[in-house]
Amino acid sequence: MIKVILKNGTVKEYEKGISVYDVAKDISEGLARVTLASHIDGELKDIRYILQNDCELSLLTFDDIGGRSAYRHTTSHILAQAVKRLYPKAKLAIGPSIENGFYYDFDIDLAFSPEDLQKIESEMKKIIKEDIEIERFTLPKEEAIKLMREMGEDYKVELINDLADGEEISFYKQGDFVDLCAGPHLSSTGKIKAVKLLSGAGAYWKGNEKNKMLQRIYGTSFPKTSMLEEYITALEEAKKRDHNKLGRELGLFMTAEPVGQGLPLLMPKGAKVIQILQRFVEDEEERRGYQLTKTPMLAKSDLYKISGHWQHYKDGMFVLGNEETDEEVFALRPMTCPFQFMIYKSELHSYRDLPIRYGETSTLFRNESSGEMHGLIRVRQFTISEGHLVCTPEQLEAEFKGVVDLIKYMMTTLGIEEDIWYRFSKWDSKNKEKYIGSPEAWEDTQQKMKKILDDLNIEYDEVEGEAAFYGPKLDLQIRNVHGKEDTIITVQIDFSLAERFDMVYVDKDNEKKRPYIIHRTSIGCYERTLAMLIEKYAGAFPTWMAPVQAKILPIVANHHDYAQALADKMKQKGLRVEVDYRNEKIGYKIREAQLTKVPYMLIIGDKEMESEAIAVRSRREGDLGSMPVKEVDEKSR
């Protein structure tokens, strides 16, 4: 007999050799029907897995991440089987489940069209209807390679060769289709109830642009048709809010092939929003004791070697010159900290001088791969509200809390505080070569950060391996409209760079000591934040943030002079207004203004000219009637 400890703490005894499915069935027939996978002592397994020893068992349904993963991973194999049926010469690459669905990559001389996707989806539904049993089997490494070579699956051979010798190689078979896979999977294709293929795209093998471009198909699946329909509806709404589409339609930004990928051009309206945010940030930081710096956009490699970026981050930098042939090699800056450290070092500081808070609106450069770039969210050149606080150990907690308070104020003002969650990003102690500093220093600093976060009563997830190479981070995470998670703001405690740069202060005992450094942004990368704001507000920015706060709409040409005089007067008061002089009907002008998401439309006709008033129409409230100019000024702010 073996003891099985269930998720709720219940302990059950069964004969050795019982399957996970039979345990679920023993608890209830209904549970067995909806169980898709299991966690056994923390490892994800099939429901057919045979229990041989005492264990902790969690039964996973579609409501659990592991259950959804097994469900959609099974669907990705059905997709691959359908493609092989329709295009036998296609070679299989990889096909994982992802957060909201799955994808599969194929080597095929074809870019899948919408019509192709419909045909493949129909074939998938046939495979589901056939209710083919899904079987798992294993082979030694050499036999696994032989099988995949015989099947002509070169990419699978490469994947197997990447595995360690002696490792168990598992496969899943459904009918005449066999795929290399760790699993888990459902017991048959008929368990899938609702499936939809969403799009096709190009994808480099292993994400490396030096490798061959493959054809990727994205899809999703659900246990109920109603759930799929609800998701598709949400997806359509997301497309309407997608900053990459909406930002271009509203004239906020554009891209141009001769300029290059990942280098968006901010148009006048987009640049105006960034300017409004930047002034807001710089003014608020000044109120909170930050000192403004302005530093170069590039530096010699010597600076980056001191900081460790050259050794740990060089592949992500734009390097100018060749170390083997050039006397001096430069690089565009990926961050500002080394420059501000040089400013700190320009004079000797006393403990009375600390904390010193440096702030800078910094243009930075990261050599992102082409497959990673997306709209304004991930780019090669961007601007960030960067800051570094130099403090004594005794000041660390108060300064960290001050940074978090500033960030919360920024997020609340932008209206996105409810969309953000916190991640405590720690080092990976099993991969020490990624980091600088001793294990003892890492553990000590992480304990300090954890205490501060707990004192702040912040709910956070702990994630290993996401720290910066010089210290742990508090990351503020947000999702775009498609559900992809990104970091919008980071706060880092740095225990090592002060030593590398020989940064000191003279303490009360007249001894030189190393300060702590906090790296932080307050509003994040302006481009990424703008992308999130476009999606949050569907382009209809709050009035204070809107690039155009009001549009003046004269009904006929006789009203143009009055409209221009009014616009000049409002601009002098700091309002952002435009006049639509086109020879169009007023209804058309109003509809056009609404499409541009302008907060207020100010309509001028004969009656308004005679009474020195304006007919006001609000984006949200509709027709507000006629009102004096002074009252309109107040509403537009």
Legend entry - Added length on full extension, which subtracts the Cα-Cα distance from 0.36 nm per residue, Gln278 to Thr363: 29.4 nm
Legend entry - Carbon plus sulfur fraction of accessible area for segment 224-356, probe 1.4 Å, in percent: 53
Inset, instruction - Find how much the distance from Lys508 to Ser350 grows on full extension, using 0.36 nm per residue of separation minus their present alpha carbon separation; answer in nm with one decimal. - result: 56.0 nm
Legend entry - Listed peptides 339-346, 525-532, 356-363, 469-476 by packing density, highest first (mean Cβ within 10 Å): 525-532, 469-476, 356-363, 339-346
Inset, instruction - Please arrange Ile65, Ile2, Ile232, Ile98 by accessible surface area, largest first, computed with a 1.4 Å probe and ligands excluded. - result: Ile65, Ile98, Ile232, Ile2
Inset, instruction - On the full set of protein chains, 1.4 Å probe, figure out the accessible area of Asp502 and give it in Å² to the nearest 10. - result: 90
Legend entry - Accessible area per residue, Å², segment 419-533 with all protein chains present, probe 1.4 Å: 42
Inset, instruction - For segment 459-556, state the average projected area of the convex hull of the C-alpha atoms over all orientations, rounded to one decimal in nm². - result: 11.9
Legend entry - D_trans [Stokes-Einstein, Kirkwood Rh over alpha-carbon pairs] for segment 206-284, 4 °C, 1.567 mPa s, µm² s⁻¹: 78
Legend entry - Order by protection proxy (mean Cβ within 10 Å, highest first), peptides 381-394, 169-182, 439-452: 381-394, 169-182, 439-452
Legend entry - Accessible surface of segment 457-597 [probe 1.4 Å, protein heavy atoms]: carbon and sulfur percent: 44
Inset, instruction - With label points built 7 Å along Cα→Cβ from the Cα atoms of Ala164 and Ile232, find their separation and express it in nm. - result: 4.6
Legend entry - In segment 241-318, trypsin sites (Lys or Arg not before Pro) in a DSSP loop with at most 12 other beta-carbon atoms within 10 Å: Lys294
Legend entry - Probe 1.4 Å, protein heavy atoms only - accessible area per residue of segment 262-400 in square angstrom: 47
Legend entry - Interatomic Cα distance distribution for segment 403-498, bins of 10 angstrom, percent: 15, 46, 30, 9, 0
Legend entry - Two-decimal Rg/Rh across segment 361-440, once Rg and the Kirkwood Rh are taken from alpha-carbon atoms: 1.02
Legend entry - Backbone N within segment 525-554 under 20 Å of label point (7 Å from Ser618 Cα along the Cβ vector): 537-553
Legend entry - Rg over Rh, two decimals, the chain (C-alpha only, Kirkwood Rh): 1.03
Legend entry - With every protein chain in place, segment 1-84: carbon and sulfur % of accessible area (1.4 Å): 47
Legend entry - Residue pairs, from the table Lys89/Lys212; Lys7/Lys173; Lys408/Lys551, whose Cα atoms sit over 23 Å apart: Lys7/Lys173; Lys408/Lys551
Legend entry - Area of Arg68 that stays accessible when all protein chains are in place (1.4 Å probe, Å², to 10): 70
Inset, instruction - Report the full-extension gain for the segment Lys129 to Glu143: residue separation times 0.36 nm, less the Cα-Cα distance, to one decimal in nm. - result: 1.8 nm
Legend entry - Surface accessible to a 1.4 Å probe, Ile603 within the full protein complex, Å²: 30
Legend entry - Cut-off 11 Å between beta-carbons: net charge of the residues surrounding Ser187, Lys and Arg +1, Asp and Glu -1: -1
Inset, instruction - Provide the FRET efficiency to the nearest 0.05 for the Met151-Glu462 pair, computing r from the beta carbons and using R0 = 35 Å. - result: 0.25
Legend entry - Two-site label geometry, Ala557 and Glu418: point separation in nm, points 7 Å out along Cα→Cβ: 5.0
Legend entry - All-pairs alpha carbon distance profile, segment 1-49, 5 Å steps from 0, percent: 5, 20, 31, 33, 10, 0
Legend entry - Pairwise centroid distance, computed over Cα atoms, of segment 1-63 with segment 502-558, Å: 50
Legend entry - Computed Rg/Rh of segment 1-115, alpha carbon atoms with Kirkwood Rh: 1.13
Legend entry - Residue-normalised accessible area of segment 11-84, given per residue in Å² at a 1.4 Å probe: 45
Inset, instruction - Within 10 Å, count the other beta carbons around each residue, average over each peptide in 77-87, 195-205, and list them highest first. - result: 77-87, 195-205
Legend entry - Percent of alpha-carbon pairs separated by more than 18 Å within segment 121-241: 66
Inset, instruction - Pick out, in residue order, every one of the GluC sites (Glu not before Pro) in segment 455-495 that is DSSP loop and has at most 13 other C-beta atoms within 10 Å; say none if there are none. - result: Glu459
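The values are calculated or read from the model by the stated rules, or taken from the named source; none is laboratory data. In this text, all values refer to a predicted model and were calculated from it rather than measured experimentally. FYI the Cβ positions are ideal-geometry reconstructions off the backbone, even for glycines, and counts take in every protein chain you see. These accessible areas exclude ligands, DNA and RNA; they are computed on the full protein's heavy atoms, side chains included. Shrake-Rupley method; radii C 1.70, N 1.55, O 1.52, S 1.80 Å.
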